[in-house]
Amino acid sequence: MKTAIVIGAGIGGLATALRLHKQGFKVQVFEKNHYAGGKLHAIDQEGYRFDLGPSLFTLPRLMDDLLDLFPNSQVAFSYKAKEIACHYFWEDGTVFKASTDTSEFVKTAATTFSEDQSTIATYLRKSKKKYQLTKSLFLEKSLHKASTYLSIDTVKALINAPFLGISNTLDQENQVFKNPKLTQLFNRYATYNGSSPYQTPGIMSMIPHLELGLGTYYPHGGMHRISQSLFELGQEVGIEFRFRESVTQINHNKKKVTAVTTENGSYKADLVVSNMDIYPTYKKLIRDVKAPEKTLEQERSSSALIFYWGIDSTFPDLELHNILFSEEYKKEFEHIFEHKTLSEDPTVYINITSKESPEDAPKGHENWFVMINAPGDYGQDWGKLVTQSKERIVQKIKKCLQVDITDHIKTEYILTPQGIESNTSSYRGALYGAASNNKFAAFLRHPNFNNKIKNLYHVGGSVHPGGGIPLCLLSAQITSDLISKTSL
Ligand code: FAD
């Protein structure tokens, strides 16, 4: 039996381990933490449960596809579709509930923002078309194999390139709206891959289709069920998980991988897949290999500063996903990407899973995940930034929701970009690997295979096709497809 070692039990590593098991490999997963899931982890604090990382679940079909490979499994994973994608608030009292029903969205957005229905409907139609034209090329295949460029889907995508808006920024693309609030709302989708709307190409206007067209979902039991169900399935089928065992080196004989070394010893393997961020993979695990510096030096995606608050009250006006918008959106991104600091007027995202899972907070209470976008860790004084940001967030909540939240905070846990890096080895604490702040970003991501060492592969948010749960699941799919076509 051929043996495969997966380094890291993030969503990308877990999905790859399962797919390789299905292909007949004997699989071992080495994980430096005591738990599986990487960024998809959760904590319990004095009666409140918090998902620590992702909160938005899209393209659930990718989880279904993976779980369907194991029809006899006893592992339970289910989810529900959300009618409201997000609840938006502005300081002037404007509120908007974004429906996942397209005609309802168009109607209410036209009324709320005094915009023509046809402008909004055309924008959403274009978003869908862009997604359909590009998903096959950018999301479902290796961008680094000649065969990708020979398929009919690729040819179609390239022919339609001008329509895709690659030479515009997302913000320029979104100037079709008369009301700047609607431009801001659609600009926000740049943050779904950790980029700036004022730099990322207009093609990113396909992202709203993912959320509004294909829908947004909530896994029963919370986001943590995504990683937990894959871990449980891995245990059920006999994948070996070795927790608290950090890999320190990938061994190779200049041509092929041979083994990995951990703090405890050396383990032979026919194949190694690294789910560790690509930057430390080169800098720590294969230091003897010339690194692709241009790829590694790509600007990193944004990170986040998150307050997990146990709140002793309930807020009927809030939904599962809520956004309290900045009055100076452009400045906010300049702070993050140019000055590597935090804006005085941040956009505040509040996620409350107890709206869907009441057991996540004591009766009459709520569990607030309060996040602002942040630059990566470049040695800033995070202690000072945390104190400043908390005050700014409290002010924003006061202005948008007319409530002083300070007295309602009963428990607090804080995660900074430094904390995200130390938990997951994600370089600079980036949420999504490299940013997509230029039009070549997709092509500059590291491939899913290593072209210097045979049988070494790379999976997860820092490599092709990019970060976020759906893309990490696709990354595992592309990687295992490549492996299935290789003779070891
Ligand atoms: P990771 O989750 O980073 O896992 C890598 C694993 O490898 C870790 O467990 C780490 O401990 C382990 N490891 C690293 N080095 C070693 C080593 N040497 N030896 C052994 N083990 C090692 N995505 C969405 O889709 N929707 C969202 O709403 C969303 N919001 C987010 C909010 C936050 C706060 C964060 C942090 C992320 C968010 N994301 C979101 C992004 C998403 O979480 C990630 O893209 C995805 O989880 C990354 O998975 P991964 O498999 O690449 O790696």
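The values are calculated or read from the model by the stated rules, or taken from the named source; none is laboratory data. The structure presented is a predicted model; accordingly, all values stated were derived computationally and were not measured. Don't worry about glycine lacking a Cβ; one is built from the backbone with ideal geometry, like all the others, and counts go over all protein chains shown. SASA here: full protein model, heavy atoms, side chains in, ligands and nucleic acids out. Shrake-Rupley method; radii C 1.70, N 1.55, O 1.52, S 1.80 Å.
Screening segment 182-210 for residues that are hydroxyl-bearing (Ser, Thr, Tyr) and outside any helix (DSSP H, G or I) and picking the one that is most open to solvent (accessible area, probe 1.4 Å) gives Tyr198. Under the condition of being outside any loop (DSSP other than H, G, I, E, B), within 30 Å of Ile43 (Cβ to Cβ), of a type outside the set (A, V, I, L, M, F, W, C) and open to solvent by 10 Å² or more (accessible area, probe 1.4 Å), the residues counted in segment 211-240 number 8. For a quick check of your reading of the model, give me the residue pairs whose first member lies in segment 7-35 and is more than 21 Å from Asn423 (Cα to Cα), whose second is at pLDDT below 95 and more than 8 Å from the ligand (Cβ to nearest atom), with beta-carbon atoms closer than 8 Å and at least 6 apart or on different chains. The qualifying pairs are Gly24/Met1; Phe25/Met1; Lys26/Met1. Scanning segment 45-58 for residues that are over 18 Å from Ala76 (Cβ atoms), more than 9 Å from the ligand (Cβ to nearest atom) and surrounded by 18 or more Cβ atoms within 10 Å (Cβ to Cβ) turns up Tyr48, Phe50. Taken over segment 425-440, the criterion of being more than 15 Å from the ligand (Cβ to nearest atom) and crowded, with 21+ Cβ neighbours inside 10 Å is satisfied by Asn437 alone. Whether any residue in segment 57-76 is in a helix (DSSP H, G or I), in contact (Cβ under 8 Å) with a residue 40 or more places away in the chain and over 21 Å from the mean Cα position of the chain (by Cα) is what I want to check. No: zero hits.
Go through segment 378-410 and count every residue that is part of a loop (DSSP other than H, G, I, E, B), open to solvent by less than 20 Å² (accessible area, probe 1.4 Å) and charged (D, E, K, R).
0
When the residues of segment 88-140 are filtered to those that are more than 17 Å from Pro208 (Cβ to Cβ) and modelled with pLDDT under 95, the one that is nearest to the chain's Cα centre (by Cα) is Glu140.
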